[in-house]
Structures are given as structure tokens and as C-alpha cells.
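In what follows, a structure is listed as C-alpha cells, so that the remarks can point back to it.
The values are calculated or read from the model by the stated rules, or taken from the named source; none is laboratory data. The model shown is predicted, which means the values in this text are computed figures rather than measured ones. Every residue, glycine as well, gets a Cβ built from its backbone with ideal geometry; the counts of neighbours run over all protein chains shown. With ligands, DNA and RNA removed, areas are computed over all heavy atoms of the protein, side chains included. Shrake-Rupley method; radii C 1.70, N 1.55, O 1.52, S 1.80 Å.
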Amino acid sequence: MLDGRIEKDRSVGRSVPRADGVAKVVGTARYVDDLPRMPGELHGATVRSPVARGRLVAVRFDPSFDWSDVTVVRAEDVPTNLVAMIAEDQPVLAHSAINHAYEPVVLLACADPQKLSRAVEAVSLDIEPLEPVFDMGRSLSGEVVVWDSPGGFGEPGTNVMKRYFITKGESDVDAAIAACPVVVSGTYSTHHQEQLYIEPQGVIAWWDEAGVHATGSIQCPYYVHKAFVKAFGVEATRIHVTQAVTGGGFGGKEEYPSVIALHAALLAKKSGRPVRMIYGRKEDIEATTKRHPAITEITTGCDRDGKLVALSMRVVMDAGAYVTLSPVVLSRGVLHAAGCYRWPTVRIEGIAVATNTPPNGAFRGFGAPQTIFAIERHLDRVAAALGKDPMELKAMNLLELGDLTATSQVLRTSVGGRQCLDGALAASRYLERRAELDAENARRAAEGSRKRVGIGASMCMHGAGFTGSGERFLKGKVAVDLEKGGRLRIRTGSTDIGQGTETVFRQIAADAAGVSVADVDFAQPSTTNVPDSGPTVASRTVMVVGSIVEQAATEIGRRVAAEREAGGGSFAEAGDRLLAKEGSLTILLQYQPPDWVQWDDQTYKGDAYPCYSWMCDVAEVEVDIDTYETEVSRMWLAGDVGKAIHPLMCKGQLEGGTLQAVGWALSEELVWREGRILNPRMTNYIIPTALDAPPFETLLVECPYEGGPGGGAKGIGELPMDGGAPAIAAAVEHAVGVVVDHLPLTPERLFEASRGESLAPTTLPQGARR
Amino acid sequence: MKIHFTLNGSARDVDLPPMMRLLDALRHELGLPGTKEGCGEGECGSCTVLLDGEPVNACLVAVGQLEGREVLTVEGLGDAAHLSPLQAAFVTDGGAQCGICTPGILVAAERLLRKQPDPSESEIREALAGNLCRCTGYQRIVESVRVAARERARLAGAAQPASGAAGDPGGAS
């Protein structure tokens, strides 16, 4: 039952056993810290800045400490002191400028981990403090400029790292709104979120005659490869980056592993020994990237029936101290900002600003959860102004096949929003439950009960694959090899970080070639052995990379079938004859986006994504009106996945992503003081447990995308992060009548909101609009 | 300090510093890296093992406490050729995604099914409340435990036909 051997006709659409499952349930899967100690191996540690902004004057090493067996690395030891990313602003180690708390300054390595901890304490940093900026509004005002735009990146002389505009329809948006009978304005905000993968970040690095090696918990081995090329100036062929089994990433292991891998490799280079660098949980929460906080202002106009007419929106995101991936996060944020609705007239402005907080980075959803929370909550306000149910308003304005998005993209394929909305509302009996729970609350109030119940919902769509021309520039590749005995081997840089890449790619290849899933191998992703498939991000693995796995395996199947026709025999026999004749058979393919995908990076108009996945979330909650604790009692999810290659894993993605959104909405809150985190532990940064999680009822909708593999699969990794928070906020509003437009909805904050206090984190300056 | 204890059913004699964490002893001294470290302070449950049949966080147990006691880790549940019903269900029914929390959850679930062979959904959630999972949303973990409970009942019924504790043979819901 568990060997993956199933009927040869088709594996796509079946929930085959997880390919990497057995090793994970018996404890033999080797995560980075499970890899055997190497001879002479040292442990590595980082000395970090305690202050948020300043000038490093001196580094003092306690003279009474025995430094004889401790390797020390400083900024001067880094050949090119830059982390290769979008902008050249982030040093591998701070040299003189300190731009955020926890910024790495000195690296240490020692064979004895206890002594290493003492060595960290024996280093003191002499930092002359400078005035920091923590608040997005203050940063945008430009009173204090805390970011040097490298090479003119962003808007020099200000804290603005990136700005985007999307426009559509009437040129005078304000006039279009003013002409509407119903005008609604609001401000919405969302906060930091820690990915909190259960396996902390870690890398082991060493140098030998072949060059430099790094293996670890990594989503994107080629990012680390690129970072090594930049920092060490080593030839690409002498850099070997390998993914170990990875215990969750959610974006947190997209770009940050470049930093920890560079640190480990610097220590390894200087010491001449292998260096193992594994973060403790506290260091991981403090120093690594998080979800960008955002504040969004919206003004809209619609007619009295609820037909949406015009949207004006400004979103500001807090990038933290360095650019990392913020321009791309902001891009995805603005591209999803109008939600999944028809807007004839649109103006969206997106701005990413610098603050003296640790750089924010990739996290599932990548900017979209922030803006989707804002637009969903805003439409709830519009519905209230109209006296309509929010979902009735959303349903009547929902994008359909042939409609135009905010970027003037014609939705030409795979539009499953309506089915998701209808499916989730029917499964949850949303409209009936609204009325039933109103009656229930009236009864509870009369009886003196201190708990109230509510139901709320949200709608969203999420673009799959890189934005616009991204895939055209990226040129993702995969190789499929024919191996002895009729086996196939997939070689790809797309990693399995828990989401199931290994299993799903095997299914796709098996069906395409006409073999069983058990006959397909998946090579361990290492930059030495696998082609660059592009990063494992952006809901692109199955839809984009999977589609070339399918084409490559189809070609192998075709070649073997031709050989069978010519000389007979089984697939394995014909395959072996082919290998005997040709020596080897490898199909290496590069992804080509459909020709019709047209995007203009200057005007931000066109096909932002070839297609979108769609989802409707419904949540029922119970709120205690004394403690303001919210319990999510049940959730219904309906997601349009195009084609479910592995239905169980699709449900696992939708449910797992939704629970991350529930945590973000209700309990996950980083508490900051002077740019430092007061709760960097699992004890006080609260993610949901099995008891906090609601039972999920999950419906898969299949509106196939013809460019996707297996009969039309679309990317769904990020989608479920989008709709959870606004559905919860709507349900809480239904339960207790408190409108909350600012996350999180912790009991304390919900109590404050119930007393009419504002939860807005900052006020944005109303500068001249461009 | 010399310590005699039972590990996954076998008698073991070790000589280790008494304050060494059981987690480090398992992973580094006893060759059992299946037990994972997620936080090192007893919050995440990734290092859950059974000590005399009760779940504990191995990061909070010192090996000096082990004398004469029994420890069960994920490696003691079954190997690749002999998966226990729980292990098999986590492979087939979506209980494992990234897998880092899986060993601790399997051990906690094993303890539940020993005490309560036919648990309700709330009993399953209660038993696993000390084990954090960031991937699954827990629904597939709950389903996997239910599937395993049915399989255990089926196996028990097959071994002892008179006991009559058969589960629902209908498979996953």
C-alpha cells in the first residue's frame, strides 16, 4: 500500500502516498542538524547589534577570554560585502553603519558550543547611536532619512525604496468617486508576522578542492549560489549548494538562507574547517525576515445598488532596514489590491519605505494578504453603508470570465471565483446562519450569557507564477533523465519544503511518460546536479515548473514508445535499448510562458498573471464579551485549484495556509520596543495549536488552466493566506458588532476597539499625489 | 554518571553528564536523530518522547532522571519496513507535510491511542495540543489519527476475534 505502486493508467487526481513520507515518519529524514558531524567541524555564532541605528566605533574582545581556538570574522574579511538581492544595500556584516537591531557584526566559530556562547558574550560593540525611525508614517514624511539609496535605487534623499502606480478608466479618479451616490473611506492596517517554520534556519558550509559547499534548510538553492558568486567572487562551477530536508519555509527560507550560508561559509573559509550554523528559536525570530506591516487608505464610490464604480487606494509597506525583496512584495501587494472585483476606474499607489527594523521579506502571500485584508474589510464597510450583506455585494461585483482586472487584463481562462463563492456559502449555509446566529445572540443576551457568535466570509484571487514578464526573464529549466530499468529521474531546483513537490512532480511525470509513480525518482536539489528552475516561490512550482516536467517526461515517453514500436518489449526493455544505443537520454526544457501573456512594466498594465486561483473562506466564531477572546469554531473553504493533482495535498495547503492567516488575525503579534522584539519565543509569540484550530471543511473547485500540468493545475501555495483574516474580522464584527480594521484582533485590542479606541498603528502624511 | 534505562524496548547503559538534555543524548550520543528540536524550551513539542508511557519534552528532561525508566522515541514505533498504523496513516492521509513536527506528534498520538483506542475529535486535538504544526492546519493530522485508530482496532480485532472492538472499515472520511 505504501510503496507508491498504483495502477499505471493515471496517478494525477489521486492522493498517492507522500513520496518522502516514510522517511519522515520513522525519523530517518535528514534535516540539516541531523546530518552527521564532519571531521573537525566547528559551530558558528553571530554577534549582533543591540541598537537599531548608529555608527559602529569599535569592536572589543575581552582580553581575559581565551580566543586561541575561536575563529573571528569581521566585515573586512568579506571579499565583497554585499548580500546579492534586488538592490545592493545590505552588507553581509555591518562595517560601520548599523541600520537595525540584530544586525550581524561579528561571526565566531568554535568546536565547543558552550565556549562559543561565552565567546559571544565576550565581544562588545561600541556603537554611537543615531536617531532611528520605526514608524511607517514618520518614515514616509522624510523628516529623518535612514536609508542610503544604493546607486540611486528608489527615491534618493527620502526613505522611499519603491513606488508603483496602477491606473485604469477615468483619469480624474477623485471626480469619478465624488460623482457617486455612495462614497466610503477607510484606513486598514496589518502587522508583522513571523513565518515560524518549526525547523529553525541552519546551514553547514565547508571549502575543499572542489570549491565551496553549503547544505541546509533552503527554499531556493540558486539564490544562495548567486549570493556566493557575489560575495566570494568564486566561479559558479565551484559553488555547490544543496538542500537538506527542509522543515517548513513559507517564504522565510526564500532569501534569508543566503545570509546564514554566507556567514557559515565565511567562518569555514577563515578556519579551514566545516562550520555548522543552526539558529536557536530566539535568534531566528529576532534576526530573520518577517511579513511586511502595511497601512492602506481606501476611498471608493458605487451606485445605490452596490455596483462598484471607482477605487482610490494608497498602500504603504514597511520594508525594514534593507530592500531585500520588498519591491516585489509591494508589486504583488498592489496587483492584488483591488481584490477580485470589477472596478471601471482605479488608482492604486504602492510605496515601500525604510525603517530601522530587521528587513522584512518573503512570507506566503507576499504582499497580497495585506491589501486583500484592506479591500475585503472596505467592501464590508461599503455593504454596511448600502444595508446589504457583504457577500451579496461581493457576489454582484465578482470578476467573471472576460472581465477586466485593475491592470486592464482580460480574464480569458480558468475563472472559478463564482463556483468558490457559491460552494462555500452553500456548504456553510452562510445566509441562513447569519439569521440563525442573530437569533442565537438575542437569546443569549436575554439569558445573560457572556458569549456571542458570528459568521463572516471573504473572497480572493491570487495570481500564480511570477508577475508579468517575470517568467520570461527567469527562464526556469528542468531536466528529466531516462534511467536503467525504465525509470525516470526528475532534476529540478524546485524544492520540497513540505508542500509536496516531490510527490506531485512524480505524479505529473509518471502520467506523462506512461509509467508508475514508483518508477520516478526525484534528485536531491543541488546546484551542481540540477538546473535552475527558478525559485520555489510565488505559487509557481506546480503550474510553471510542473508544466515543463510534464513536457520533458512526455518526450521521454514518446522516445521510449517509438523504440517499443520498432523493437518491441516492455517500457523498461525498450528504455534500456535506447540507453545502450545513445549512452544517455536527458530532456532539458526551459519554460515558455504563453505568447498571449503581455505585460508592460512601465505602465503596470496587462496580464499580471496568466491566471488566478480563487477562494472563498467562511468562518464561524464565538467571542467572549468579558475577556474578548475569540474562538474560531468552524471554517469552510472553497478553492479553485485548476486541477487537483493530489487532492489531499491541495486540502492540506488550503487548510494549513488558512490557519496561518487565522493566527495572524487573532494571536500572532510581535511586540516592539526601540526596534527590538520583546517576545521572540514560542512561549509568547502565539501560533495556533490543534485546539485553537477550527475543524475545516474544504471543497476543491476545478476550473482548469490549459497551461497547467496534469490537465490544468494552478498554483495554490499562497492563495489560502489571503482570505482568512478578513473572514475572521467579518465574523467577529457579526458576533459583537465591533468593527476592526486593524490587525491583530487580540483580546486586548478587541476590547480597546469595543470602547471606540483607534487601533491604527500610525498616521500617514498626506503628501502631494503624483 | 552511569545510567541504566530502557530505550525503545532495549536495555541501555550509558555514561553521560547527568544534566545533559535527553534530547541531546538521543540525537548525539545514542544515534537517534528522529527526535527534533524546534525551540529548546518546551513549547513546540517537536522533541516529544514517552517517558514511562507519558509524553515529555526531551529538551526539558535531564538524562540523570532516566535511571530505571523507559523511553520511547519515534524510532521505537516502527521502521520503514514495519510502519505502525499511525506512521502509515500519516504517510497516506496527509498528517505529515514538512515532517519536522511529525515524530513528536506520532509519539503523542501513540500515547493517546494506548489510553483511548477510539478517541473523539476533541480528544485528539486535546492530546496533540502540546505539539505545534505550522503546515497542516491540523485537520489532516486529526484525520490521520482517526485512520490509525480504526486500523489498530482492526488489527486488534484480527488478533483477538472475540474482543469485538472492530472499527469502521470504511477508510478515511
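For the stretch A:87-146, give me each residue that is open to solvent by less than 20 Å² (accessible area, probe 1.4 Å) and assigned to a strand (DSSP E or B). Those that are open to solvent by less than 20 Å² (accessible area, probe 1.4 Å) and assigned to a strand (DSSP E or B): A:98, A:104, A:105, A:106, A:107, A:108, A:109, A:110, A:123.
The residues of the stretch A:147-169 that are closer than 16 Å to residue A:350 by Cβ, of a type in the set (D, E, K, R) and open to solvent by 30 Å² or more (accessible area, probe 1.4 Å), listed by number, are A:155, A:162, A:163. For residue A:673, the conditions (1) touching a residue at least 40 places away in the same chain (Cβ under 8 Å); (2) more than 9 Å from chain B (Cβ to nearest Cβ); (3) surrounded by fewer than 22 Cβ atoms within 10 Å (Cβ to Cβ) are fulfilled apart from (1).
Each row is one residue, and each column tells you yes or no for (1) farther than 16 Å from residue B:54 by Cα; (2) in a helix (DSSP H, G or I); (3) touching a Gly at 6+ places or on another chain (Cβ under 6 Å).
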| residue | (1), (2), (3) |
| --- | --- |
| B:104 | no, yes, yes |
| B:108 | no, yes, no |
| B:112 | no, yes, no |
| B:125 | yes, yes, no |
| B:130 | no, no, yes |
| B:133 | yes, no, no |
| B:140 | yes, yes, yes |
| B:143 | yes, yes, no |
| B:147 | yes, yes, no |
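Of the residues that sit in the stretch B:35-60 and are touching a Ser or Thr at 6+ places or on another chain (Cβ under 6 Å) and open to solvent by less than 10 Å² (accessible area, probe 1.4 Å), which one is nearest to residue A:280 (Cα to Cα)? Ranking the candidates gives B:38 first.
Among the criteria (1) surrounded by fewer than 24 Cβ atoms within 10 Å (Cβ to Cβ); (2) over 19 Å from residue A:359 (Cβ atoms), the one residue A:265 does not fulfil is (1).
Does residue A:607 satisfy the criteria of being out of contact with any Gly (no Cβ under 6 Å at 6 or more places or on another chain), buried (at least 18 other Cβ atoms within 10 Å of the Cβ) and among the charged types (D, E, K, R)? When the stated conditions are applied, residue A:607 passes them. For the stretch B:1-26, a residue qualifies if it is within 26 Å of residue A:681 (Cα to Cα) and within 16 Å of the chain's Cα centre (by Cα), and the qualifying residues are B:22, B:23, B:26.
Residues that are in a helix (DSSP H, G or I) and open to solvent by less than 60 Å² (accessible area, probe 1.4 Å) within the stretch A:407-421 comprise A:417, A:420, A:421, listed in sequence order. Is the stretch A:240-257 home to any residue that is more than 26 Å from residue A:27 (Cβ to Cβ), over 22 Å from the mean Cα position of the chain (by Cα) and in a loop (DSSP other than H, G, I, E, B)? No, the stretch A:240-257 contains no residue that is more than 26 Å from residue A:27 (Cβ to Cβ), over 22 Å from the mean Cα position of the chain (by Cα) and in a loop (DSSP other than H, G, I, E, B). Evaluating residue B:4 against the criteria (1) of a type outside the set (A, V, I, L, M, F, W, C); (2) outside any helix (DSSP H, G or I); (3) within 14 Å of chain A (Cβ to nearest Cβ); (4) open to solvent by 30 Å² or more (accessible area, probe 1.4 Å) leaves one unmet condition, (3). The number of residues in the stretch B:86-126 that are open to solvent by 10 Å² or more (accessible area, probe 1.4 Å), within 11 Å of the chain's Cα centre (by Cα) and small (Gly, Ala, Ser) comes to 0. Taking the listed residues A:37, A:60, the one that is within 14 Å of chain B (Cβ to nearest Cβ), surrounded by fewer than 21 Cβ atoms within 10 Å (Cβ to Cβ), over 27 Å from the mean Cα position of the chain (by Cα) and not hydrophobic (A, V, I, L, M, F, W, C) is A:37, with no other qualifying. Give me the residue from the stretch A:575-595 that is over 10 Å from residue A:472 (Cβ atoms) and modelled with pLDDT under 95 and, out of that set, surrounded by the most Cβ atoms within 10 Å (Cβ to Cβ). Out of the qualifying residues, it is A:594. Filtered by the rule that a residue be of a type outside the set (Ser, Thr, Tyr), in contact (Cβ under 8 Å) with a residue 40 or more places away in the chain and open to solvent by 60 Å² or more (accessible area, probe 1.4 Å), the stretch A:170-205 gives A:170, A:174, A:178, A:179, A:181, A:183. Any idea which of A:692, A:600 is at pLDDT 95 or above, within 14 Å of chain B (Cβ to nearest Cβ) and either in contact with a Ser or Thr (Cβ under 8 Å, 6 or more places away or on another chain) or surrounded by fewer than 19 Cβ atoms within 10 Å (Cβ to Cβ) (or both)? The match here is A:692.
Scanning the stretch A:711-740 for residues that are assigned to a loop (DSSP other than H, G, I, E, B) and touching a Ser or Thr at 6+ places or on another chain (Cβ under 7 Å) gives A:714, A:715, A:716, A:717, A:718, A:719, A:738. Within the stretch A:684-741, being charged (D, E, K, R) and within 25 Å of residue A:293 (Cβ to Cβ) holds for A:692, A:718, A:722, A:733, A:741.
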